[in-house]
Amino acid sequence: MEMKMKKNKTKDFSQYGSFLLSDKRNVPFAVLEAFNALRTNLSYALSTSERKSFIITSTEASEGKSTVAINSAIAFSEMKSKVLLIDADMRSPVVHSRLSLKQSKGLSGLLAGFFTSDECIQAYNDYMDVIPAGEIAPNPSELLASLAMKSLLSEMEKHYDYIIVDTPPCNVVTDALVFAHETAGVAIAVRENYTVHPMLERLLEQMEFANVKVLGIILNDAGADGRAYGKYGHYGKYRKYGKYSKYGYYGNDDHPENDQASHG
């Protein structure tokens, strides 16, 4: 029996906070365990690739991909792995505000040749660095498709164990697809009771057509008891995408996770 996922555009997520794993006192145990599982499964997925970088994206806005990217980076850093988080959402960036970092010197200026990587990298903790998106660029797709982006990823992979790239939603713009081949692949964040099947199907077909490796699908904002996560494998018509892994769930019934400005 196929489960329908109805888009809930009227649900007000602004009343809830966004969990950050660094805020241990306020993060529910279920969220911590979910990201531990996500970290483990991503590690296995990346172990067969020579690349250390990967993309986290979504089908459209407000599915939580930026918070998933941030918390995944924090989770890896807590294992004392050297991690770089790159905010490649140069259209509607939120990483710098979520982590209380400066925005002015970031990816847009770096790729345009205005700054060096050393000028743009900011430390979040002892093991995690961040390159914010920088100033809003008029040509983000062109910048991400440039040789400068390819060179940046290659250079950063010499210094970091994991490089996580947060991109705009793929069904909105194609920014992620223009450089996905320079990474190990793409993980897709979907939101429980929000993401609709046709949008996810469209994105998966785009990835398949572009020959982009899909590392997995991350179910976000699932029930704390894990029942929603268990049901994820039973989306009838998506069984044909069985090669795509499901990693876990994030969130609970009382505090749905949400990116600031509803753009993650």
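Using the Cα gyration tensor of segment 24-180, with a ≥ b ≥ c the square roots of its eigenvalues, what is the shape: rounded (a/c below 1.5), prolate (a/b larger than b/c) or oblate (neither)? Intermediate results must be reported in sequence, preceding the final value.
Numbers: a/c = 1.43, a/b = 1.37, b/c = 1.04.
Judged from the Cα gyration tensor, segment 24-180 comes out rounded (a/c under 1.5).
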Open item on the list: Less than 10 Å Cβ to Cβ from His181, Lys/Arg counted +1 and Asp/Glu -1: what total charge do the surrounding residues give?
Closed with: +2
Task: Segment Ser43-Val27, length gained on full extension (0.36 nm per residue, minus Cα span) - done: 3.5 nm
Open item on the list: Show me the three semi-axes of the equivalent ellipsoid for segment 57-139, from the C-alpha gyration tensor (sqrt of 5 times each eigenvalue), largest first, rounded to whole Å.
Closed with: 20, 17, 9
Open item on the list: Tell me which of Val172, Leu152, Pro198 sits at the most positive position along the dipole axis of segment 128-202, charges placed on C-beta atoms (Lys, Arg +1; Asp, Glu -1).
Closed with: Pro198
Open item on the list: What does the extension gain come out to for Asn193 and Leu147, with contour length at 0.36 nm per residue minus their alpha carbon separation?
Closed with: 12.7 nm
Task: Rh by Kirkwood over Cα pairs, then Stokes-Einstein D for segment 168-210 at 1.002 mPa s and 20 °C, µm²/s - done: 193 µm²/s
Task: For segment 102-159, the Rg and Dmax computed from alpha carbons only, in angstrom - done: 11.2, 34
Open item on the list: List the pairs from Lys52/Lys80; Lys52/Lys213; Lys102/Lys150; Lys24/Lys102; Lys52/Lys158; Lys52/Lys102 whose alpha-carbon separation is above 18 Å, in the order I gave them.
Closed with: Lys102/Lys150; Lys24/Lys102; Lys52/Lys102
Open item on the list: Taking the beta-carbon count within 10 Å as an exposure proxy, list Val165, Val94 from fewest neighbours to most.
Closed with: Val94, Val165
- [ ] Show me 55-62, 207-214, 105-112 ranked by packing, highest mean number of other Cβ atoms within 10 Å first.
- [x] 55-62, 105-112, 207-214
Open item on the list: If I take R0 = 41 Å and measure r between the Cβ atoms of Ala210 and Lys80 in this structure, what FRET efficiency does the formula 1/(1 + (r/R0)^6) give, to the nearest 0.05?
Closed with: 0.75
Task: Pairwise label distance in nanometres, Glu155 with Glu119, each label 7 Å out on the Cα-Cβ vector - done: 1.2 nm
TODO: With a point put 7 Å past each Cα toward its Cβ, work out how far His181 is from Glu50 in nm, to one decimal.
DONE: 1.5 nm
- [ ] Collect residues whose amide H, placed 1.01 Å from N in the peptide plane, falls under 5 Å from the amide H of Ile163; neighbours closer than 5 in sequence don't count.
- [x] Ser53, Phe54, Leu84
- [ ] Counting only DSSP beta bridges with both residues in segment 79-214, tell me the antiparallel percent, nearest 5.
- [x] 15 percent
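Read-outs throughout are calculated quantities, based only on the coordinates presented, and are distinct from any laboratory measurement. What you see is a predicted model, and the numbers here were worked out from it, not measured in a lab. Cβ sites come from the backbone with ideal geometry, for glycine too, and all protein chains shown count toward neighbours.
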